[in-house]
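Read-outs throughout are calculated quantities, based only on the coordinates presented, and are distinct from any laboratory measurement. None of these values were measured; they are calculated from a predicted model. Cβ placement follows ideal geometry from the backbone for every residue including glycine, while neighbour counts extend to all protein chains displayed.
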Amino acid sequence: MKERLQELKQEALEKIQAADDTKALQDVRVYYLGKKGQITDVLKGMGKLSKEERPVIGQLANEVRDTLTEALDSKSEQLENEQIEKQLREEAIDVTLPGKPVQAGGSHLLMDVIRDIEDLFTSMGYEVAEGPEVETDYYNFEALNLPKGHPARDMQDTFYITEELLMRTHTSPVQARTMNRHEGRGPVKIICPGKVYRRDTDDATHSHQFTQIEGLYVDEKIRMSDLKGTLNVLAKHLFGEDRKIRLRPSYFPFTEPSVEMDISCKVCGGEGCSVCKGSGWIEILGAGMVHPNVLEMAGFDPDKYTGFAFGMGPERIAMLKYGIEDIRHFYTNDVRFLKQFHRV
Ligand code: 2NL
């Protein structure tokens, strides 16, 4: 039995060494050390041994079992380590490889133009004011000297939601709301950018949704010359120091007097060309002195306070500045268009 145990030990140790995966190793463990394994098999013959031999064989069997268990455990650990090493080698990532390029976005040209105008006016002490795009009939029309039935209301041009609610057709209601909050005390010095809506058929120069920036300055002793000076600064900031402005009489229900501002045409220098339609001048915006009715409805004393207001379309400014010929380019978001105006 002694020899048999020694033999099994030798045989098992060789098989352990030869095992090249955990499955094979487990098979060896079961074959020699399992309940129905080779060692147990040998020990079944213990009954035939003499009293003296029994403990000797018992001890040897235990030694063999311990040796094999130790060999199995250490081989198992070795195989596991090899497996981890292999996995690490196979799954290694070369962090120095160049990455996949990321498509970076940028601000929209319209937003750049709006921010530029906002920055100019905040540098002159104006605050940026915003308000709801769904407006009441009162703030969109009534408070701006456009009572019900006024011809300039243009029912056909307005998206009505209910009889009293509509999509704002200009950003003027933001100015009316802001004036109200001042409770009759000046100054009110604000610039109001935002989306506006008109019931229009979209084409190269019309859109049912577009943007507007309006400005308002109400205080004691605000005069037409303040308006003219401010618009001159704006025109030169937007189109260049060499540009001249002119004011033509016009009409808006919410200003009196009302004017339209033109800038001298840079393309032809006043000679006349297709951009200025032969006149040498290009229309940029509308403006005027705030109508006394508008001041009064907003809670300001028109004998004490005066003010000027102006409104412009950022799309039109951008189109003139960059030679864009179709307003729809601003909204269809073709990256080939948008990318041309990225300041990367
Ligand atoms: C244009 C003309 C204009 C105003 C907007 C205004 C607002 C208040 C009171 C008086 Cl609360 N006026 N806004 C005044 C004149 C012209 O816009 O052609 N915009 C594109």
For segment 25-117 the GluC sites (Glu not before Pro) that pass both the DSSP coil test and the at-most-15 other-Cβ-within-10 Å test are E52, E91
About its Cα centre, segment 236-311 carries a charge dipole, from +1 on Lys and Arg Cβ atoms and -1 on Asp and Glu Cβ atoms, whose size in debye to the nearest 20 is 320 debye
Scattering profile of the chain from the Debye formula, Cα beads only, expressed as log10 I(q)/I(0) at q = 0.10, 0.12 Å⁻¹, is -0.72, -0.93
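Please work out whether segment 243-344 counts as rounded, prolate or oblate from its C-alpha gyration tensor, where a ≥ b ≥ c are the square roots of the eigenvalues and a/c under 1.5 means rounded, while otherwise a/b larger than b/c means prolate and anything else oblate? Walk me through the intermediate numbers first.
Working: a/c = 3.27, a/b = 1.65, b/c = 1.98.
It comes out oblate by the Cα gyration axes.
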Two pseudo-spin positions, 7 Å from Cα along C-beta at I93 and at E70, lie apart in nanometres by 4.3 nm
Scanning the chain, every Cys lacking a C-beta partner under 4.7 angstrom -> C192
With x for Gly and Pro, the residue-by-residue ³J(HN,Hα) of segment 287-300, computed from phi through the Karplus equation 6.51 cos²θ - 1.76 cosθ + 1.60 at θ = phi - 60° and given in whole Hz, is 7, x, 8, 4, 4, x, 4, 5, 4, 5, 5, 8, x, 9
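Which loop-located GluC sites (Glu not before Pro) does segment 138-205 contain, where loop means any DSSP state but H, G, I, E or B and the Cβ has at most 13 other Cβ atoms within 10 Å? Walk me through the numbers on the way to the answer.
On the way: sites: E142, E163, E164, E183; in loops: E163, E164, E183.
Those satisfying the criteria are E163, E164, E183.
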The answer for GluC sites (Glu not before Pro) in segment 242-344 that fall in a DSSP coil and have at most 12 neighbouring Cβ atoms within 10 Å is E271, E325
In the chain, taking the dipole from +1 charges on Lys and Arg beta carbons and -1 charges on Asp and Glu beta carbons about the Cα centre, the listed residue (M111, S50, Y160) farthest towards the positive end is S50
Phi-derived 3J(HN,Hα) across segment 273-284 with the Karplus relation (6.51, -1.76, 1.60, θ = phi - 60°), rounded Hz, x for Gly and Pro, is 8, 6, 5, 9, 6, x, 8, x, 10, 10, 6, 10
Nearest-0.05 FRET efficiency for E283 and K304 at R0 = 35 Å, using Cβ-Cβ distance, is 0.55
Measuring from its Cα centre, the chain shows a charge dipole (+1 at each Lys and Arg Cβ, -1 at each Asp and Glu Cβ) which, in debye to the nearest 20, is 280 debye
Computed from every Cα-Cα pair in segment 2-90, P(r) in 5 Å bins starting at 0 and rounded to whole percents is 3, 13, 23, 21, 14, 10, 7, 4, 3, 1, 1, 0
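Give me L68, L165 ranked fewest to most by other Cβ atoms within 10 Å of their Cβ, as a rough exposure proxy. Write down the numbers at each step before the final one.
Numbers: L68 22, L165 13.
Lowest count first: L165, L68.
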Length gained, E63-K44, 0.36 nm per residue minus C-alpha separation, equals 5.1 nm
A correct Karplus calculation of ³J(HN,Hα) over segment 189-203, with 6.51 cos²θ - 1.76 cosθ + 1.60, θ = phi - 60°, whole Hz and x for Gly and Pro, returns 9, 9, 10, 10, x, x, 7, 9, 10, 9, 6, 9, 8, 5, 8
From fewest to most C-beta neighbours within 10 Å, the residues I84, I117 line up as I84, I117
Among M124, N180, V259, the residue whose Cα sits farthest towards the positive end of the charge dipole of the chain, when +1 is placed on the Cβ of each Lys and Arg and -1 on the Cβ of each Asp and Glu, is M124
For K339, the lysines lying under 23 Å Cα to Cα, once residues fewer than eight places off in the same chain are dropped, come out as K100, K195, K321
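If the chain between L120 and D326 were fully stretched, how many nm would it gain, using 0.36 nm times the residue separation less the Cα-Cα distance?
My answer for the length gained is 71.5 nm.
Would you be so kind as to identify all helices of the chain, as entire DSSP H runs, whose Cα atoms reach 18 Å or more along the helix's own axis and whose mean Kyte-Doolittle hydropathy is at least -1.0?
Values: long enough: 2-18 (24 Å, -1.25); 53-90 (55 Å, -1.11); 109-122 (20 Å, 0.72); 224-239 (22 Å, 0.37).
Passing helices, by number: 109-122, 224-239.
Using the 10 angstrom Cβ neighbour count as an exposure proxy, how do H170, H342 rank, fewest first?
Exposure proxy ranking, most exposed first: H342, H170.
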